[in-house]
Amino acid sequence: MSTSAAYLRAIMALLARQAVPVGELEKLVAPTAKRQKLRAAYNLCDGERQQSDIAKAVGLDPGNFSKALKKWESAGIIVRTPNPMHVYPLPEEK
């Protein structure tokens, strides 16, 4: 990743944290019983992996993961560049 790309990601994460606090982001990412898998999938959306690779890595059905990505994209917490990229990763659960 180039220096300018790293700076852009840092700026995007800073602005996103102000617009969508961590607690609200968690509710948008994983409101269902598949919470752990959705959180893991969201955090893997770093712009480097393809959608199918993310679904496979966490054991989610590709169709269901596609629906989750569409919801996240419409909520403004995922950008497709062309691979899915989160606005900022969720912290590890305690």
>> Can you tell me which residue is nearest to the chain's Cα centre (by Cα) among those in region 49-94 that are over 21 Å from LEU25 (Cα atoms) and among the acidic types (Asp, Glu)?
In response: ASP53
> Of the numbered conditions (1) part of a loop (DSSP other than H, G, I, E, B); (2) under 22 Å from LEU8 (Cα atoms), GLU93 satisfies every one except a single condition; which is it?
Replying inline: (2)
>> Can you say whether TYR88 is aromatic (Phe, Trp, Tyr), closer than 24 Å to LEU8 by Cβ and outside any helix (DSSP H, G or I), as far as the supplied structure shows?
In response: yes
> Of all residues in region 71-90, which are over 11 Å from ALA41 (Cβ atoms) and either surrounded by 12 or more Cβ atoms within 10 Å (Cβ to Cβ) or hydrophobic (A, V, I, L, M, F, W, C) (or both)?
Replying inline: LYS71, GLU73, ALA75, GLY76, ILE77, VAL79, ARG80, ASN83, MET85, VAL87, TYR88, PRO89
>> Out of GLY63, GLY23, GLY59, I need the residue that is touching a residue at least 12 places away in the same chain (Cβ under 8 Å), loosely packed, with under 13 Cβ neighbours inside 10 Å and over 22 Å from SER2 (Cβ atoms). Which one?
In response: GLY59
> How many of the residues in region 38-53 are farther than 12 Å from ALA68 by Cα and in a helix (DSSP H, G or I)?
Replying inline: 5
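Every number here is computed from the coordinates shown, using simple stated rules; none is lab data. Note that the structure is a prediction, hence the values are computed from the model and not measured. In this analysis, Cβ positions are derived from the backbone assuming ideal geometry, glycine residues included, and neighbour counts consider all displayed protein chains.
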